[in-house]
Amino acid sequence: DGMMFTRYPPCTIVGEMGVFTRGVRSADAVADVPTRVRCLTAERLEQMMREAPRAALQFHAYVIRLMAMRLAQSNDEIQTLL
C-alpha cells in the first residue's frame, strides 16, 4: 500500500517540522509499545522562548542537530536508491 515505517528510539521527537512551519504534519506516529507522549505546541514553544530563553535555545539546538541527522540519513537512503 506504499506505507513507509520508521522506528525511533525512546525519548525522540516527532512532528518538529510542523511546529516550526505551523504546517500540516507529513506523517502519523503510531506507538507499538506503551508510550508516554508530551506535546509541545507552537504556542508553548513561543512561551518557552519568552519565559525560559536559555532552555528554548538548548531545545532549538537539539532539534537542529536532530533534523540535520535525519536529513543526512535521508540523503544516504536516496543515494543508495540511485
Note to self: Show me the helices (runs of 4 or more DSSP H) entirely contained within the chain in which 2 or more residues are in contact (Cβ under 8 Å) with a residue 24 or more places away in the chain and not β-branched (V, I, T).
What the structure shows: 16-21, 53-81
Item checked: Among the residues listed as R7, R22, R54, R38, the single one being at positive phi and open to solvent by 90 Å² or more (accessible area, probe 1.4 Å) -> R22
Note to self: So, E46, is that one surrounded by 11 or more Cβ atoms within 10 Å (Cβ to Cβ), more than 15 Å from the chain's Cα centre (by Cα) and of a type in the set (D, E) or not?
What the structure shows: yes
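The values are calculated or read from the model by the stated rules, or taken from the named source; none is laboratory data. Bear in mind the structure is a predicted one, so any value in this text is a computation, not a measurement. Cβ atoms come from the backbone with ideal geometry, glycine included; neighbour counts cover every protein chain shown. The protein model used for the area step is the full one, side chains on, heavy atoms only, and it has no ligands, DNA or RNA in it. Shrake-Rupley method; radii C 1.70, N 1.55, O 1.52, S 1.80 Å.
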